[in-house]
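First comes the structure, then the notes that go with it.
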Amino acid sequence: MGKNKAILEIKGYTKIYGEGKKAADNVTLTVESGDIYGFIGHNGAGKSTTIRAVVGVLDFDEGEIFIDGHSVKDESFECKKLTAYIPDNPDLYENLTGIQYLDFIADVFGISAEERQKSIKEYADKFEITDSLGDLISSYSHGMKQKLAIISALIHSPRLLVLDEPFVGLDPKAAFTLKQIMHDICEKGTAIFFSTHVLDVAEKLCNKIAIIKQGKIIASGTLEELTHGETLEEVFLEVVDG
Amino acid sequence: MGRNIILLKTLLRSTSRFNSYKYCKDKKKRGKIVGAWVGAGILYLMLMSYCIATCVGYGHFGLTAGIPAMCAMVISLLSFVFTLFKTNGYLFGFKEYDMLMALPFEPKSIAACKFLYMYINSLPWYLSVSVSTLVGYAYYAKPSFAVYPLWVILSLIQPIIPMLGAAFLGFLTAKLGSGFKNKTIAQTVLTMIFIGLCFGSRFFIEDMLKNNKTEEVLSNISDITDKTGSVYLPVKWFGGAVTELNVLYMFLLIAVTAVLFTVVFTIVGRSYRQINSALGSHAAAGKFVMKEQKQKSLISTIAFKEFKRMTGSVTYMTNALIGEIMCFGMGIAVLFVDIEKVIKAVTKGAPLTSEMMVPAIPFIVYFFVGMVATTCFTPSLEGKNYWIVQSLPIRKKTLYQGKMLYNMFLTVPFALFADVTISISAKAGVVNTLLSAVLVVCLCAFSTAWGCVCGIKHIKLDWENEVEVIKQGTGVVVYLLPNMFVTMGLIVLVVYLGTLISSAIVTAGMILASAILAALCYARAMSLAAKQD
């Protein structure tokens, strides 16, 4: 799947909290155009800390992060124009209706009226929330908010899609739709970097995986390189516990 | 009982700056907390200075006996107003409602703990008034030793009755509002009606009590204070208890407070679940049909987002719109009431004419519309949603420009309306009216930009309840108090200058000054925003 153009490059990224505790320690990895890159690890291993730094939400101490050649530290605005982010528990503007929120995102990315109408309709239909787009987000269930956040991330065709635990809260059909969409957009050259606890999903979906433990990458590479015929679960338990 | 104390303690701890300071390792954050303490300390000192100055006035004119009633009145008014604007955010529809109701607490206990939480958080304000007026009273009256502890203790009880009154009004608005489809708008309208009735009844009572309208201003105020005591009995009980050491008054103040507390929270407790369930449920039509979409500019879309944020919150709407509504009411009122009569009523018979007041019109209007600028709390209001603007390609400059644009949308139409109607009513003439309109727009721009500077400088995203930033945020307080006092000073200054030189020249000078200040504040806001990128 890889097309060898580096979209996301994390080089020696280190994040130190409070009294010197390293939440991320010299993290280095590269996500190329067309990759679906899974980022796995225990709770508190440093997945969200890394993801939040990639999307420019979190400051970091050492290292560099590049998105399509732009430094997140120095050119964060350029980076954000190329990226879409879906957090694990999206807090959206609850006083807007679904369509108002999507319009807000579309306005931010300067998407024309016709283009947004087409893509909102396409994705909202796929996730079966078109009927609810006129309702306030505060009336949405967790899963519906998650679907809305996913649609908002997709409507501006990002070069890099970053997702933190995207399948949590999604019903089986929506999870299947999301996986299909992930495959589709990767075919078109988008790079996807996402964290998950569900190893089966990572195994079936990703072409590359990185395992993080206590802030350090302890294993990374293509799925084949990592597993060598074993299941991802077995590999994960071996490297994490070993 | 023990469980309720645990709840109260936890509520206080969850928003306590001391707790954050104690456990926060980030030096920058700790510095900000210390800064907020210092800022709050300055505000308490300002209030204490005001109270001491008032006591000096009372003492100087031989009205020392009126100081206890004045203290009780100031505390009562402060506590009533503070609570009225906060009740909806603190008592009803708060975010941890589900979590608390799932725990073994009675609904009335939760409501009562939330009320006590509000009370304890406001105690420094009441104590500032109490201690400073006690100092003033002690200086002039040389009271016995027993007065000192009694004064402080009873002044801590004094705010509870007005707070209960305000909380009960909040309860009524929430209960009535919860029956409507658009609960937020309904609650806001009802709150505004109650506020209007409270202000209206104050003037009505004052008017009934007045015997001689040409009395000296200070003795007039003292007269009102004394007579308020005969209408609002807790003021009388406080005065009697601390000056005459009257045990009956002491007992009455404590007993009535306790009884009212029990009664109010028994009533509130009965409907608490029903009100919160209604406020927490949202109608979902599920009938959306995709129609033609429109593309907006980024700044407009941010301004629209702010508008929706406002209409989704009773606390936001009541606090942001109160000045505008008062301004609108004033603009309408002067069309029907002789402005000379209004001036006489407001200035308590001071020898001022409408002609003399012409240069002050934009400042009077600004006093209301500039009372709160939404920009001083909207940066903090992003709260947990901050990740959205942080992860999107929106420069902070653009974000704050959008927030400023919204505040201008909100203030300018009301300010212009009131300014023009008052100018017409005061027969200010075309040139003065035009200049006045330009000045009021410049003042709105200044308020917006100055508010934004305060809002960005004192941004607080980790709030638990929006009341913390809308009503008690450092940005709001830093904006509000100097703005209010400077405006009052400017009203006096321009009236005085208007007696020396042409009103048009005074207004033109003020346009220049306010435009320069607005531009400077805007530049400062933009430079602060650029640092956040």
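Quick look at the numbers
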item: Distance-filtered residues of the stretch B:437-468 - backbone nitrogen under 14 Å, label point 7 angstrom along B:Lys25 Cα→Cβ; result: none
item: Ranking of A:Arg159, A:Arg116, B:Arg3 by count of other Cβ atoms within 10 Å, fewest first; result: B:Arg3, A:Arg159, A:Arg116
item: Cross-link pairs beyond the 32 Å C-alpha cut-off, checked among B:Lys22/B:Lys305; A:Lys73/A:Lys118; A:Lys80/A:Lys179; A:Lys11/A:Lys179; result: B:Lys22/B:Lys305; A:Lys73/A:Lys118
item: Relative contact order (%) - the stretch B:52-280, alpha-carbon pairs under 8 angstrom, separation at least six; result: 36
item: Cα convex hull of the stretch B:243-382 - mean projected area over all directions, nm²; result: 18.0
item: Span-like helix ranges in chain B, DSSP H, alpha carbon extent 30 angstrom or more, Kyte mean at least -0.5; result: B:27-60, B:67-90, B:107-141, B:183-209, B:247-280, B:314-336, B:396-425, B:430-457, B:474-500, B:503-532
item: Least to most buried among B:Cys376, B:Cys442 (fewest other Cβ within 10 Å first); result: B:Cys442, B:Cys376
item: Cut-off 12 Å between beta-carbons: net charge of the residues surrounding B:Val268, Lys and Arg +1, Asp and Glu -1; result: +4
item: Alpha-carbon centroid distance for the pair the stretch B:149-182 / the stretch A:137-163, whole angstrom; result: 42
item: Calculated log₁₀ intensity ratio I(q)/I(0) where the Debye formula runs over C-alpha points of the stretch B:41-104, q = 0.20, 0.23 Å⁻¹; result: -0.86, -0.98
item: Surrounding net charge for B:Phe368, when Lys and Arg each add one and Asp and Glu each subtract one, Cβ distance under 12 Å; result: -2
item: Computed helical MRE - 222 nm, chain B, DSSP H runs ≥ 4 contributing -39500 (n - 2.57), nearest 500; result: -26500 deg cm²/dmol
item: DSSP-defined beta bridges in chain A - what % are antiparallel, rounded to 5; result: 55
item: Range of Cα positions in the protein assembly as shown per principal axis (Å), largest first; result: 98, 66, 49
item: Alpha carbon convex hull of the stretch A:125-209, volume per residue in cubic angstrom; result: 96
item: Length-normalised contact order of chain A in % [C-alpha pairs under 8 Å, at least 6 apart]; result: 28
item: Stokes-Einstein D in µm²/s, Kirkwood radius over Cα pairs - chain B at 25 °C with 0.890 mPa s viscosity; result: 98
item: Alpha-carbon centroid distance for the pair the stretch A:32-55 / the stretch B:455-503, whole angstrom; result: 45
item: Rough spin-label spacing in nm, given labels placed 7 Å along Cα→Cβ, for A:Asp59 and B:Asn182; result: 4.2
item: FRET efficiency for B:Ala141 and B:Ile33, using Cβ-Cβ distance with R0 set to 56 Å, rounded to 0.05; result: 0.90
item: Set of aspartates and glutamates near B:Lys341 by C-alpha distance (under 15 Å), chain-local residues within fewer than 8 positions excluded; result: B:Asp207, B:Glu355
item: For a label point 7 Å along the Cα-to-beta-carbon line of A:Ser157, residues of the stretch A:97-127 with backbone N under 14 Å; result: A:110-120
item: Other protein chain Cβ atoms within 10 Å, averaged over every residue that makes up A:48-59; result: 2
item: Along each principal axis, Cα extent of the stretch B:52-280, largest first, Å; result: 56, 39, 28
item: Reduced Cα scattering model of the stretch B:298-532, Debye log10 I(q)/I(0), q = 0.08, 0.09, 0.10 Å⁻¹; result: -0.31, -0.38, -0.47
item: D_trans [Stokes-Einstein, Kirkwood Rh over alpha-carbon pairs] for the stretch B:311-366, 37 °C, 0.692 mPa s, µm² s⁻¹; result: 254
item: Helical mean residue ellipticity (222 nm; -39500 (n - 2.57) per DSSP H run of 4+; nearest 500) of chain A; result: -11000 deg cm²/dmol
item: Beta bridges per DSSP with both ends in the protein assembly as shown, % antiparallel, nearest 5; result: 55
item: Members of B:Lys181/B:Lys287; B:Lys25/B:Lys471; A:Lys126/A:Lys147; B:Lys396/B:Lys460 lying beyond 20 Å, as alpha-carbon distances in this model show; result: B:Lys25/B:Lys471
item: Sequence-separation-based contact order of the stretch A:79-155, relative, with Cα cut under 8 Å and 6+ spacing, percent; result: 50
item: Inter-part distance where the stretch B:106-129 and the stretch A:178-195 are each reduced to a Cα centre, Å; result: 52
item: Radius ratio Rg over Rh of the stretch B:375-495, counting only Cα atoms, Kirkwood formula for Rh; result: 1.07
item: Convex hull of the stretch B:276-328 built on C-alpha atoms - directionally averaged projected area, nm²; result: 6.2
item: Volume of the Cα convex hull of the stretch B:102-142, divided per residue and given in Å³; result: 70
item: As computed over chain A, the Cα convex hull volume per residue (Å³); result: 124
item: Order of B:Tyr117, B:Tyr44, B:Tyr126 - criterion: other Cβ atoms within 10 Å of each residue's Cβ, fewest first; result: B:Tyr44, B:Tyr117, B:Tyr126
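None of the figures in this text is laboratory data; all of them are computed from the coordinates on show. Nothing here was measured: the structure is a model prediction, and the numbers come from that model. Please note: Cβ atoms are built from the backbone with ideal geometry, for glycine as well, and neighbour counts cover all protein chains shown.
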